[in-house]
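Structure, as structure tokens:
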Amino acid sequence: MLTVTKDMILPTTCTGSMPRPHWYTENLDGRAFNEALTHISFREQYLDALACYIGDQERAGLDILVDGDCRFDMRIGGRSWISYPLEHINGLVGTTGDTTIGLIKEFQPGTIMYELQARPQWPLCHEAMSRRDMEYDLLWKAAQQMTDRPVKFGTISSQCAAGFIEDHYYHDPKKLLFALCDVMNQELKTLAAAGCQIIQLEEPLIHFTGINPDATEADLQLLIEAFNREVDGVEAEIWCHTCWGNPSQQRVFTQKHSYQNGLPYLLQLNCDVVTLEVAHTEGSELPLLGKHETDKKFAIGVIDHRSLQVETAEEVAGLVREALKYVPPERLIISTDCGFGREGVPRRNALYKLVSLVRGTNIVRKELGLPEAEIRAADPRLVL
């Protein structure tokens, strides 16, 4: 259900992860967040880094903020995006030996994707999974207490995370997937009950499955069922984030793919907002948005998270204007293609990319007679 963005026109946000400060050296290392906060060095570094993330987004003028994925450890290739929930669920233990999981084992030595995905070990499911200590509610509260603006909380979707589990218990991919969906559903309900109004599920596999020539209708419908099971009864505005991968700012596939086949299925999800990469294809996918009737909102990425080049405000405005040919302003949200990661994009580049995002949106807001956002980082009276 639309709550925060119900009456917003062209609100701005970013996807999730923010570059990690070089002095933020503490990690959770599998500990429960609430327990880690009792350690002085972790508490100080975590809350200080979180304040930096919130402060940069406020200076840039974003309407909807994120916690920068501050909980994630500094692990190679953004691995913690996958491993955090799996380290905090009962029934999963570490593995030994090389992975045997689908696409991961196909990456070849001598490539960055092999280093990022093939060699690290993923958990083994040895008994029924159950909820333990993800503590999404506490993580969200830590961020929301630092700002009056709404904080969106994002998490990897069950159908994406399930692909990184070695199943030695359920012996059925569907049973394992639905068990993980049920665990995550409990976590998301607790998060919503704590007051979080926007919850973002990241990377359901629908758009990836849509480009697979061997995928069946049943395959896609299973993914829809899994997503809807995961968010069933969660009283919040639900966002579905999609991109084409972001380990160390890499696409999972070398070629650029299209949402054309997957979009009709994404629109069947029980969500309120669908996010799409747009910047890295220079808006070529935007006409797809005009080919389907829907009451969902679209959050389009106008900032390329894989490039260090900071987009100009005029470039951002151009993409927003193009999107408005197919989506009315009341159903359009302006975002980044994906998160900035913890190791790939310098903090300064990320800040000015967000500034450009809001400056460009302000150009279009002015053209439409809408109020413009204050951007303290671009105020000539305040620049350093």
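Residues that are without any contact (Cβ under 8 Å) to a residue 24 or more places away in the chain: find the helices (runs of 4 or more DSSP H) completely inside region 129-229 holding 1 or more of those.
Details: elements: 136-144, 158-161, 173-193, 206-210.
Passing ranges, in order: 173-193.
With the condition kept exactly as written, say whether any residue in region 275-289 is in a helix (DSSP H, G or I), under 22 Å from the mean Cα position of the chain (by Cα), under 24 Å from Leu65 (Cβ atoms) and of a type in the set (Gly, Ala, Ser).
Filtering region 275-289 down to residues in a helix (DSSP H, G or I) leaves 279-281, 286-289.
Keeping just the survivors that are under 22 Å from the mean Cα position of the chain (by Cα) gives 279-281, 286, 288-289.
Subsequent filtering for residues that are under 24 Å from Leu65 (Cβ atoms) retains 279-280.
Next cut, of a type in the set (Gly, Ala, Ser) only: 279.
Looking for residues that are in a helix (DSSP H, G or I), under 22 Å from the mean Cα position of the chain (by Cα), under 24 Å from Leu65 (Cβ atoms) and of a type in the set (Gly, Ala, Ser), one finds at least one in region 275-289, hence yes.
Just give me the residues in region 193-222 being touching a Leu at 6+ places or on another chain (Cβ under 8 Å) and within 13 Å of Asn261 (Cα to Cα), in sequence order.
Leu205, Ile206, His207, Thr209, Gly210
Give the residues of region 10-43 that are among the polar types (S, T, N, Q) and either in a helix (DSSP H, G or I) or buried (at least 20 other Cβ atoms within 10 Å of the Cβ) (or both), sorted by residue number.
We begin by selecting, within region 10-43, every residue among the polar types (S, T, N, Q); these are 12-13, 15, 17, 25, 27, 34, 38, 41.
Selection gives Thr12, Thr13, Thr15, Ser17, Asn34, Ser41.
Applying the selection to region 256-267, what residues are of a type in the set (Gly, Ala, Ser) and buried (at least 22 other Cβ atoms within 10 Å of the Cβ)? Give the derivation first.
Within region 256-267, the subset of a type in the set (Gly, Ala, Ser) is 258, 262.
Gly262 - this is the single residue of region 256-267 that is of a type in the set (Gly, Ala, Ser) and buried (at least 22 other Cβ atoms within 10 Å of the Cβ).
Among the aromatic types (Phe, Trp, Tyr), modelled with pLDDT of 95 or more and not in a helix (DSSP H, G or I): is that true of Tyr46 in this structure?
Values: among the aromatic types (Phe, Trp, Tyr): yes; modelled with pLDDT of 95 or more: yes; not in a helix (DSSP H, G or I): no.
Spelling it out, it is not the case that Tyr46 is among the aromatic types (Phe, Trp, Tyr), modelled with pLDDT of 95 or more and not in a helix (DSSP H, G or I).
Any idea which of Asp7, Asp69 is in a loop (DSSP other than H, G, I, E, B) and on the phi > 0 side of the Ramachandran plot?
Working: Asp7 fails: on the phi > 0 side of the Ramachandran plot.
That would be Asp69, the only listed residue that is in a loop (DSSP other than H, G, I, E, B) and on the phi > 0 side of the Ramachandran plot.
Within region 119-151, count every residue that is among the β-branched types (Val, Ile, Thr) and closer than 17 Å to Val93 by Cα.
As a first pass, look at region 119-151 and keep what is among the β-branched types (Val, Ile, Thr): 147, 151.
Restricting the remaining residues to those that are closer than 17 Å to Val93 by Cα gives none.
Residues meeting the conditions: 0.
Taking region 190-226 as the region of interest, how many residues are surrounded by fewer than 18 Cβ atoms within 10 Å (Cβ to Cβ), of a type in the set (Gly, Ala, Ser) and over 14 Å from Pro264 (Cβ atoms)?
Counting residues in region 190-226 that are surrounded by fewer than 18 Cβ atoms within 10 Å (Cβ to Cβ), of a type in the set (Gly, Ala, Ser) and over 14 Å from Pro264 (Cβ atoms) gives 4.
How many residues are modelled with pLDDT of 95 or more and either of a type in the set (Ser, Thr, Tyr) or closer than 24 Å to Cys14 by Cβ (or both) if we restrict to region 254-269?
Here the count works out to 6.
Filter region 221-249 for residues that are farther than 24 Å from Leu288 by Cα and at pLDDT below 95 and give the result.
Selection gives Pro247, Ser248, Gln249.
Do we find that His292 is surrounded by fewer than 17 Cβ atoms within 10 Å (Cβ to Cβ), in a loop (DSSP other than H, G, I, E, B), modelled with pLDDT of 90 or more and out of contact with any strand residue (DSSP E or B) (no Cβ under 9 Å at 6 or more places or on another chain) in this structure? Even if it seems obvious, please write down each step before you answer.
Details: surrounded by fewer than 17 Cβ atoms within 10 Å (Cβ to Cβ): yes; in a loop (DSSP other than H, G, I, E, B): yes; modelled with pLDDT of 90 or more: yes; out of contact with any strand residue (DSSP E or B) (no Cβ under 9 Å at 6 or more places or on another chain): yes.
So His292 fits the description; yes.
Hey, among the residues in region 268-287 that are more than 15 Å from Val231 (Cβ to Cβ) and aliphatic (A, V, I, L, M), which one's surrounded by the most Cβ atoms within 10 Å (Cβ to Cβ)?
The residue in question is Val278.
Among what's in region 227-255 and is touching a Phe, Trp or Tyr at 6+ places or on another chain (Cβ under 8 Å) and of a type in the set (Phe, Trp, Tyr), pick the residue that is surrounded by the most Cβ atoms within 10 Å (Cβ to Cβ). Explain how you work it out, then say what you get.
Quick first cut of region 227-255, residues touching a Phe, Trp or Tyr at 6+ places or on another chain (Cβ under 8 Å) only: 229, 240, 242, 244-245, 251-253.
If we keep only those that are of a type in the set (Phe, Trp, Tyr) too, we end up with 244, 253.
Details: Trp244: 22, Phe253: 13.
Per the criteria, the residue is Trp244.
Quick check on Leu319: is it under 18 Å from the mean Cα position of the chain (by Cα) and part of a helix (DSSP H, G or I)? Break it down stepwise before answering.
On the way: under 18 Å from the mean Cα position of the chain (by Cα): no; part of a helix (DSSP H, G or I): yes.
No: the conditions fail for Leu319.
The values are calculated or read from the model by the stated rules, or taken from the named source; none is laboratory data. Since we're looking at a predicted model, the values are computed, not measured. Backbone-built Cβ (ideal geometry, glycine too); neighbour counts: all protein chains shown.
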